[in-house]
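None of the figures in this text is laboratory data; all of them are computed from the coordinates on show. This one's a predicted model, so the numbers in the text were calculated from it and none came from an experiment. Ideal geometry is used to build each Cβ from the backbone, glycine not excepted, and the neighbour counts take in all protein chains shown.
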Amino acid sequence: MLRFHTAGESHGQALVAWVAGLPAGIPVDISFINRELKRRQEGYGRGGRMKIESDQAEILSGVRRSKTTGAPIALLIANRDWENWKDALPVEEQESTAQKYKSLTSPRPGHADLAGCLKYNLHEARLVLERASARESAARVAAGAMAKLLLGQFGIEVLSHVIAVGNVYAKNLATWEQIKEVCAQNDILLRCVDSPTELKMKAAVDEVLRSGDSLGGIFEVVAHNVPPGLGTHANWDERLDGLLAQAVMSLQAVKAVEIGTGIESAVSLGSQVHDEIDYDRKEQRFVRPANHAGGLEGGISNGEDVVVRGYLKPISTLRRPLQSVDLETKEPVKAAYERSDVCVVPAAGVAAEAMVALVLARCSLEKFGGDSLEETRRNFENYMEQVRTF
């Protein structure tokens, strides 16, 4: 089974991603992985950290001569900002550190600071926030890039776009071609396919920047050319919609996940939202003129695009901090503030792409998997022939 883990702190030496279960023989282009990392750093509203970091992945194991070997893959992303923080985050106790750096004891509302300190009996919020930080998602993006390389062998692509920033919404549904076009742009604002709406989104970000606040929004991840039959209705913990929801919900600041038009469907008539079925004789496939189900029925992919939306709360670090309580004195204080972003919706979309790709890669390997890419591809092609001749 495909598995992955990440390790590392926001301002520590590096982030690490570990991926196991990929078959041998997948071509690996390091420039593709680095491009995915760059996409996560892009977007209007990012903070000063993006001027310091220029994320590049180093492959330590599991890839030789530009192909996977079947062994676990280790990827390392160095933190350039470590040089500015190494005295604040020593591995061993240092007396000078305690004198130079004041403990962070004013937890931020909405962040893991207080809950993490209570859980682990820590009286220093930095020991929580360093791992809880969304900087960790860079390691997920690197792992997700490996999953995308596998999915690409089956013609499956995964991309994202922004449909809302604050209360500014893109009203029209985006086509796959529009999403590809906006993702291919070198200079992006907020990765919205509707240019006039994107300018309004930018104005909304500018407004909260001036007021010292932060802004959330909604991103949409679309997986194109997903075959029918991934996931299952048979077991609750193997349903593809449940796996996708958990994966996207696990991202920092995501507070809700929607499959297809799930929220709209909840207040609509069944006749308005259930996708009718047709058959394309030329393509030899069942098709649906609409995709309210987001490519999933009964926990199984149905051959349409898989569509997942993530609802992102405003980030918790504010330049105009909220009320908090000091962990030591229990007296009222203002929450801690550190250099931060204002709006991260486009970046969250890229991180969600990685999570969706990892889930789809896992389910693909469970259905078609072999120890080598050639074996896996044979299994895939045999299955697709079965679908075409159904």
Give me a comma-separated list of calculated 3J(HN,Hα) values for region 218-227, in order, Karplus coefficients 6.51, -1.76, 1.60 applied at θ = phi - 60°, integers in Hz, x for any Gly or Pro.
10, 10, 10, 9, 10, 9, 9, 6, 6, x
Enumerate the amide H contacts of GLY370 below 5 Å, restricted to partners 5 or more residues apart or on another chain; note that Pro and chain-start residues carry no placed amide H.
THR376
DSSP loop (so not H, G, I, E, B), at most 16 other Cβ within 10 Å: list which GluC sites (Glu not before Pro) in region 219-281 pass both filters.
GLU276
Selected from ALA139, ALA24, PHE390, residue furthest toward positive end of dipole (the chain; charges at beta carbon):
ALA139
Grab the beta carbon distance between GLN178 and ALA266, set R0 = 35 Å, and tell me the FRET efficiency rounded to 0.05.
0.85
Would you mind checking which residues have amide H under 5 Å from VAL165's amide H? H placed 1.01 Å from N; only 5 or more apart, or other chain.
ILE218
Share of antiparallel DSSP beta bridges in the chain, in percent to the nearest 5?
95 percent
Quick calc, MET1 & ARG285: beta-carbon distance into FRET formula, R0 35 Å, rounding 0.05, result 0.80
Length gained, ASN235-ASN186, 0.36 nm per residue minus C-alpha separation, equals 13.4 nm
Cα centre as origin, Lys/Arg/Asp/Glu Cβ charges: the chain dipole, Debye:
520 debye
In sequence order, what are the phi-derived ³J(HN,Hα) couplings for region 378-390 according to the Karplus relation 6.51 cos²θ - 1.76 cosθ + 1.60 with θ = phi - 60°, rounded to whole Hz, with x for glycine and proline?
4, 4, 5, 5, 5, 5, 5, 5, 4, 5, 5, 9, 4
Whose amide H sits under 5 Å from the amide H of ALA336, counting only residues 5 or more places off or on another chain, with H placed in the peptide plane?
SER106, ARG108
³J(HN,Hα) computed for each position of region 306-313 - Karplus, 6.51 cos²θ - 1.76 cosθ + 1.60, integer Hz, glycine/proline x
7, 10, 10, 10, x, 9, 9, 6
Treat every Asp and Glu Cβ in region 109-228 as -1 and every Lys and Arg Cβ as +1, leave all other atoms uncharged, and give the resulting dipole magnitude about the Cα centre to the nearest 20 debye.
240 debye
I'd like to know which of ASN302, PRO90, VAL168 lies farthest towards the positive end of the charge dipole of the chain, counting +1 on Cβ of Lys and Arg and -1 on Cβ of Asp and Glu.
PRO90
What is the spin-label model distance, in nm, from GLU276 to ILE52 if the labels are put 7 Å beyond Cα along the C-beta direction?
5.8 nm
FRET efficiency for ARG65 and GLU331, using Cβ-Cβ distance with R0 set to 45 Å, rounded to 0.05:
0.15
Spatially proximal lysines relative to LYS171 (Cα-Cα < 21 Å; intrachain offsets below 8 disregarded)
LYS180, LYS200, LYS202, LYS313
In debye, nearest 20, what is the charge dipole magnitude of region 217-305 about its Cα centre with +1 on Lys and Arg Cβ and -1 on Asp and Glu Cβ, if you could check?
80 debye
Taking 0.36 nm per residue of separation and subtracting the Cα-Cα distance, what length does fully extending SER211 through TYR169 add?
13.0 nm
